[in-house]
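Peer 1: Pasting in a structure now, in structure tokens, and then I'll have a few things to ask.
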Amino acid sequence: MAEQAKSIWRPRSAWAGIVEAGQIGVDGKPGVTALTLDDMGFATLIVPPGSPDLASATKRMIGLDLPKKAFVSLSSTHGVAWAGANHWLLFARQQAGFVDLLQSFSDHAAVSDQSHARAALTVSGPRVREVLAKGAMVDLHSSVFPVGATALTSFAHVHVQFWRTDDGPDGPIFEILVPRSMAGSFWSWFAASAAEFNCRIDRD
Amino acid sequence: MRKQLHRLNSGGLIDRTQALCFRFDGKNYDGFAGDTLASALLANGVRLFGRSFKYHRPRGLLSAGPEEPNALVELRTGARREPNTRATVVELFQNLEATSQNRWPSLGFDVLSLNRLAAPALVAGFYYKTFMWPARFWEKLYEPLIRRAAGLGRAAAVEDPDHYDKAFVFCDVLVIGAGPAGLSAAVAAGRSGARVIICDEDFRLGGRLLAERRQIDGRPAADWLAAILAELASLSEVRIMPRTSVFGLYDHGIYGAVERVNDHVAVPPAHQPRQRGWRIYAKRAILAAGALERPIVFPGNDRPGVMLSGAVRAYVNRFGVLPGREAVVFTAGDGGWATVRDLTEAGAHVAAIVDARSEINPESKTMALRVGARLFAGSVVEATHGGQALRSVTVRDASGKRARLACDLLAVSNGWNPTLHLTSHQNGKPVWEETIQSFVPGRLPPGLAVAGSAAGRFTLAEALRDGARLGREAAVEVGFAAAAADPVPATDAETDGLAPVWRVRGNRGKAFVDLQNDVTDKDVELAAREGFRSIEHLKRYTTLGMATDQGKTSNLAGLAIMAEQVGKAICETGTTTFRPPYTPVAIGALAGHHRGKDFRPVRLAPTHDWSREQGAVFVETGQWLRAQYYPKPGEQDWLATINREVLATRSGVGLCDVSTLGKIDIQGSDAAEFLERVYINGWKTLPIGKARYGVMLREDGFVMDDGTTSRLGENHFLMTTTTINAAKVMQHLEFCHQVLWPELDLRMVSVSEQWAQAAVAGPRSREVLRRVVDAKHDISNEAFPYLAAGEITVGGGIPARLFRISFSGELAYELAVPAGYGDAMMHALMAAGEPYGITPYGLDGLNVMRIEKGHAIGTESNGQTTARDLGLGRMMSSKKDFIGRLMAKREALVQADRPSLVGFRPVDTNNRLWAGAHFIGIGRAAKTENDEGYMTSVAYSPNLKHWIGLGFLKNGPTRIGERIQAVDPVRNGEVEVEVCSPIFFDPEGTRLHG
């Protein structure tokens, strides 16, 4: 029974049954690459207006500055993104240890674990902006949306938060968070929009 | 290759090495890359393109551009068939197939052209006047007849197989039109570093320069064009968008455009869209859309072979096609003389020049002499002759003397109208400019400037000057340093003298104002006589300016004739307002990806795949797809399935996904106080580890939503909402906090997506859960009683939440786990429940059980009912204030006989009940005045073995045991029902606490 229970209780990716590794679109060099991120931890942090100590706590615990406007602070393991007035999204690249981290943040903010609430993916490639332009009512030009910028908006009527991380060899890289329940609809739009540029898909 | 008899031997911007074959009305033709369908057909000597809307008169090409009223064709076949396509803007491609419209059985012989014999009767308002009586004939006889006779092309009857995109783009300066003005503007703005988008509806950039033989800086304009296009292509922040029509101007510098990505191929390449709808966000925009030439209204002006003079030049110069060999030019200004020159140079003979002006300058006279054309000054064309193609015209000179001239082409020129449509999309009214006899843009929308012909400055020199200046200014206005200005290039001499002719009176045939809608000068006169004198009334009464061309070539003539009729100046009669779109836009380009199943996002519960494995039938509830029931092989219908699910749950244990309910995490030292204010009942006394049912009202006192809220800690609550109202409640709470009580110490966030949640209901539910919840948690009845709520773990340490709440009336729990474990949870519960026969049930089973227990859902709390109506009046606390408290006390809402919730059972238990039935006293007529309430929910109760219902009845609770009729005229008529308690099953609630 214990053995059986163990084997049943495995988490299921938000992209399971939706995204398959491979290639969509025409043959040739991919203009866009998508990579699902299946092990990230997310939590909303909310503080009362004017609350002083979240910034110092963030600096102390994950070594990052708390962004004051629509930006994200990133390290190789963690990040914290502005998500509205007095409202941030804390995240970790791995879920391991994340619950403990949230515990230590709970003295400084109202913490709500959202690790399972979001389906996350990284999109990149020389044509990536053209794909996102089919969804984002956001100007993605570097002069307006530089590395580290974030936006809460909607793609194809799906609420998203996304940000731009450091550029890669193929140009800009964006990370997109989608409500878990709408991952399928989001992907339907993304796949149809990216196909003309040839899209390679990797699973985390 | 077939010979193209009207193709010139050389010249034109076509690629003679790339022949393309195509079909029109089943006949094969050849053209070249760079042709439009119109130019290719013209090259092949085709003159007849279609039949007119009302009279089925033969029609040919009037124009060479987007304003074309006549040459509408059905493009492509089958699912890709596209009606009302203007042949003048269709880019020719290999194997193109087009069919003429509005004719039967063939274009050459059209039966309905007999309408022409009845033409004297078919005047404006004919349908309104004739088919008034008898009224019942309208739908069955008149309308089908009219629809068959009138009308344009046929839409494809099957789904469009192509994909459409929708996209967003941002820029500093948007330039609309890539003629000399637009290109100058784009390069001037682009040089400063500004982000520039330049759009043109044509597949080739250059605007009128493509159609004219002009010199810039002493060299052919083509050289200038090539240089400026090369420079634009070299500027990294400039985006050039050919085949893109900017069709609308909206608030805050937002422009709508449609890019015909793959309209110029037979079938779009794999994965590419057919068209792309763009929303362009521009800080500044420059309208350089040019101008449209005006035809002249004269008898017979619709005969194939009568063509705008600028269009003639376009066919000759751009497409290398000679539209006629023996031409007459009828002009009201200098424009016609350029056509005389170009036609002659291309090898045609100009038989006559009919200039409506009596003064002709000496250079022109010399030219007439040189080309061997008769010159008629102060003269007009008053008739045309020929069948389906022009053979001759009758010219009337100033003295009234008539001459008949043989010709196969009549080029007409009456000046130009600025293409100012976008300037009036934000209510800007065009204003009449007497000096050029045209409407020009009036008050401009913020951020828009107008250059060149679009502003009524028609010469090439003005276009170049305007463009360069406005492009530079726009870049500076958005913060770029002005680039060094090049001197505006010199142009060859040009004149734009004009004395427009609004109509030529004659008695030989109809003079058309609007070719597309078959509106004549007589129709405008009739409208004036009958009192439809306002321009807007004129349009609606005669249909002048309607349909695909929106009056691009007809509006001004129509209102000029109206002005003459009512004795006013054109500036006094005004003009109709242009609205988007400037040219027709396929709905697909507006919808983009969002059609069919992608019309809007679908939300799937984290247990969705599990439900699918179980064979669930799903139903849409808001955005969610929820399991409705889980049929098993052999079950005859949905009712058999639901009965099984309900009985299995009530006798053993059932399992149901409830992940879709809204969940709001509420934290802060004022969280309890906040709940006090938004719910009608009390919350401060709720202990940690307990759940409570709550009802919230809108400000107006009606019920907004209900659900359970649990206290997870001293300052930490978890609220649940109904699935449908989740977002609305969140919004309401945010409003309450941010606007009404910002002083409260409170943090809220939706955690709906974080948790998968399942209801486990039935007498065996605790035993099932005992095998799933980690052993260290005591969930016995004593330790975890009814309404307990707590954080537990499952699967050896996975954080989870358990709530002992029940919608079914059974001993029941809701188990929540992080959504990623939702699938695992369902499998674990099924495995653990297997010995007890655990049975998945869906929304329908849930609904049966809640009706058996008299619980209200959205059909009862439907926005028109109060807590009192729902039998929850006593929940309303009198010890505190809460939203909706005062308004719920309004007189009408507390009247004793206000319908309130009770149960109903059929007297004859074989009868079924229907929701929506109204209650009428026995023996009384089914009339509104006898209405005593209505049924909101019904279900077949497999426990009671008959149908049961909930509904609102006047004085309901005091009438238990009475009988009344449930009247449903559209379904089973009248059913006698007995009023009963809304709680049909286990009224003592003993099962709940088991």
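Values in this text are rule-based calculations from the coordinates and carry no lab data. Here the structure is a predicted model, which is why all the values come from computation and not from measurement. Ideal geometry is used to build each Cβ from the backbone, glycine not excepted, and the neighbour counts take in all protein chains shown.
Peer 1: Taking the Cβ of B:PHE32 as the centre, find all other residues whose Cβ is under 11 Å away and add up their charges (Lys, Arg: +1; Asp, Glu: -1).
Peer 2: After counting each charged neighbour, the total is -1.
Peer 1: Putting +1 on Lys and Arg Cβ atoms and -1 on Asp and Glu Cβ atoms, find which of A:ALA43, A:VAL80, A:GLY97 reaches farthest to the positive end of the dipole of segment A:41-113.
Peer 2: Farthest towards the positive pole: A:VAL80.
Peer 1: By how many degrees, between 0 and 90 and to the nearest 10, does the Cα long axis of helix B:843-852 differ from the longest principal axis of chain B?
Peer 2: 50
Peer 1: For segment B:637-796, with equal point scatterers placed on the C-alpha atoms only and solvent neglected, what are the log10 I(q)/I(0) values from the Debye formula at q = 0.15 1/Å, to two decimals?
Peer 2: Debye output, listed in q order: -0.91.
Peer 1: Taking the 0 to 90 degree range and rounding to the nearest ten, how far is the long axis of helix B:822-833 tilted relative to the main principal axis of chain B, both from C-alpha atoms?
Peer 2: 30
Peer 1: Give the Rg (one decimal place) followed by the Dmax (whole number) of segment B:781-873, computed from C-alpha coordinates and expressed in Å.
Peer 2: 16.2, 48
Peer 1: About the Cα centre, and with charges only on the beta carbon of Lys, Arg (+1) and Asp, Glu (-1), how big is the dipole of the protein assembly as shown? Nearest 20 debye, please.
Peer 2: 2960
Peer 1: How large, in Å, is the protein assembly as shown by the Kirkwood hydrodynamic radius built from its alpha-carbon pairs?
Peer 2: 35.2
Peer 1: Further, regarding this structure: Considering only DSSP beta bridges whose two residues both sit in segment B:15-123, what percent are antiparallel, to the nearest 5?
Peer 2: Bridges in segment B:15-123 are about 85 percent antiparallel.
Peer 1: Taking only C-alpha pairs under 8 Å that are 6+ residues apart, what is the relative contact order of segment A:41-113 in percent?
Peer 2: In percent, rounded to a whole number, it is 41.
Peer 1: Rounded to the nearest 20 debye, what is the charge dipole size of chain A about its Cα centre when +1 sits on each Lys and Arg Cβ and -1 on each Asp and Glu Cβ?
Peer 2: So the magnitude is around 200 debye.
Peer 1: Translational diffusion coefficient of chain B at 25 °C, 0.890 mPa s, Stokes-Einstein with Kirkwood Rh over Cα pairs, in µm²/s as a whole number.
Peer 2: 72
Peer 1: Here's something else I'd like to know. Which three extents, in whole angstrom, do the alpha-carbon atoms of segment A:41-113 cover along their principal axes, largest first?
Peer 2: 31, 23, 19
Peer 1: Would you tell me the mean number of C-beta atoms belonging to other protein chains that fall within 10 Å of each C-beta in A:130-136, as a whole number?
Peer 2: 4
Peer 1: Give, rounded to the nearest 20 debye, the magnitude of the charge dipole that chain B has about its Cα centre when Lys and Arg contribute +1 at Cβ and Asp and Glu contribute -1 at Cβ.
Peer 2: That gives chain B a dipole magnitude of about 2460 debye.
Peer 1: Just want the answer: with Cβ charges of +1 for Lys and Arg and -1 for Asp and Glu, which residue in B:GLY973, B:MET935, B:GLY949 is farthest toward the dipole's positive end in segment B:925-980?
Peer 2: It is B:GLY949.
Peer 1: Now for a different question. Tell me which of B:VAL760, B:GLY256, B:ALA915 sits at the most positive position along the dipole axis of the protein assembly as shown, charges placed on C-beta atoms (Lys, Arg +1; Asp, Glu -1).
Peer 2: Result: B:GLY256, furthest along the dipole toward the positive end.
Peer 1: Residues with beta-carbon under 10 Å from that of B:GLU810, excluding B:GLU810: net charge, scoring Lys, Arg +1 and Asp, Glu -1?
Peer 2: +3
Peer 1: Hey, what number do you get for the protein assembly as shown at 222 nm if only DSSP H runs of n ≥ 4 count, each worth -39500 (n - 2.57), divided across all residues, to the nearest 500?
Peer 2: Helix contribution divided over all residues of the protein assembly as shown: -5500 deg cm²/dmol.
Peer 1: Using the Kirkwood radius built from alpha carbon pairs, what does the Stokes-Einstein equation give as D for chain A at 25 °C and 0.890 mPa s, in µm² per second?
Peer 2: Translational D for this selection: 138 µm²/s.
Peer 1: Using Cα pairs closer than 8 Å and at least 6 residues apart in sequence, work out the relative contact order for chain B, in percent.
Peer 2: Dividing the mean separation by the residue count of chain B yields 9 percent.
Peer 1: A further question on this structure: Around B:GLY479, what is the net charge, scoring Lys/Arg as +1 and Asp/Glu as -1 over all other residues with Cβ under 14 Å from its Cβ?
Peer 2: 0
Peer 1: Okay, next question. Going by average Cβ neighbours within 10 Å, how do the peptides B:729-738, B:897-906 rank, with the highest at the top?
Peer 2: B:897-906, B:729-738
Peer 1: With the convex hull built on the Cα atoms of segment B:895-994, state its orientation-averaged projected area in nm².
Peer 2: Seen from a random direction, the Cα hull of segment B:895-994 projects 7.0 nm² on average.
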